[in-house]
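What follows is one structure encoded as structure tokens, with my remarks underneath.
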């Protein structure tokens, strides 16, 4: 069963053209301001997504704090830390500030948001791909952990995916109806 949403129907955010990227972000902020009343159901779905993240975060932080500091290969690269259109929709739905992305960084370099203790952004303010990517060493640790926690982990990942799909399914018809175009 597919629980997500085909995000390819939305415009792409072009990180190689910072002016274009920020112009699209500005357009989306205005879209949310101008249509706040019509986007209330999208906001409600985003609040469910925030709760999913809040439920999921302690588990994944536990494992990443034990695996990532000892890894020889950092998975978090700038090219993965840039948001998709759907991420921006979620951020704006929750009234979050869009992180101040430096788009003039080396895409292959360690993510600009990695600090001494991991990502400095709250999980809800990270691109979705940063939450659902699990490298092999991390998965091994999760897999050998308690079965009950593993089952909850799987459920939480499915809930995140389903809820993100719900947000986009709610947003997309409004986007089309209200003339969203960038």
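Between 138, 103, 92, 121, the distinction of being in contact (Cβ under 8 Å) with a residue 24 or more places away in the chain, part of a loop (DSSP other than H, G, I, E, B) and surrounded by 16 or more Cβ atoms within 10 Å (Cβ to Cβ) belongs to 103 only.
So is residue 179 more than 21 Å from the chain's Cα centre (by Cα) and within 24 Å of residue 19 (Cα to Cα) or not? Walk me through how you get there before you give the answer.
Details: more than 21 Å from the chain's Cα centre (by Cα): yes; within 24 Å of residue 19 (Cα to Cα): yes.
Taking the combined requirement at face value, the residue satisfies it.
Residues of region 143-172 that are crowded, with 20+ Cβ neighbours inside 10 Å and not in a helix (DSSP H, G or I): none at all.
Considering 111, 52, which residue is touching a strand residue (DSSP E or B) at 6+ places or on another chain (Cβ under 7 Å), closer than 15 Å to residue 125 by Cα and surrounded by 14 or more Cβ atoms within 10 Å (Cβ to Cβ)?
Numbers: 52 fails: touching a strand residue (DSSP E or B) at 6+ places or on another chain (Cβ under 7 Å).
After ruling out the rest, the residue left standing is 111.
The set of residues from region 124-134 being in contact (Cβ under 8 Å) with a residue 12 or more places away in the chain, crowded, with 16+ Cβ neighbours inside 10 Å and either more than 11 Å from the chain's Cα centre (by Cα) or in a helix (DSSP H, G or I) (or both) comprises 124, 125, 128, 130, 131.
Reported count of residues in region 77-86, each being part of a loop (DSSP other than H, G, I, E, B) and in contact with a helix residue (DSSP H, G or I) (Cβ under 7 Å, 6 or more places away or on another chain), is 1. Go through region 60-76 and give me each residue that's in contact with a strand residue (DSSP E or B) (Cβ under 9 Å, 6 or more places away or on another chain) and surrounded by 11 or more Cβ atoms within 10 Å (Cβ to Cβ). Scanning region 60-76 gives 61, 64, 65, 68, 74, 76. When residue 43 is tested against (1) in contact with a strand residue (DSSP E or B) (Cβ under 8 Å, 6 or more places away or on another chain); (2) surrounded by 13 or more Cβ atoms within 10 Å (Cβ to Cβ); (3) not in a loop (DSSP other than H, G, I, E, B), just one condition goes unmet, and that condition is (1).
Just to verify a result, which residue in region 1-32, among those that are assigned to a helix (DSSP H, G or I) and touching a helix residue (DSSP H, G or I) at 6+ places or on another chain (Cβ under 9 Å), is modelled with the lowest pLDDT? Steps first, please.
Initially, region 1-32 is screened for residues assigned to a helix (DSSP H, G or I), giving 7-9, 18-32.
Filter once more, so that each one left must be touching a helix residue (DSSP H, G or I) at 6+ places or on another chain (Cβ under 9 Å): 7, 9, 24-25, 28-29, 31-32.
Working: 7: 72, 9: 77, 24: 94, 25: 95, 28: 96, 29: 96, 31: 96, 32: 96.
Filtering first and then ranking leaves 7.
The values are calculated or read from the model by the stated rules, or taken from the named source; none is laboratory data. Worth saying up front: this structure is predicted, and the values here are computed from it rather than measured. Note that each Cβ is placed from the backbone with ideal geometry, even for glycine, and that neighbours are counted across all protein chains shown.
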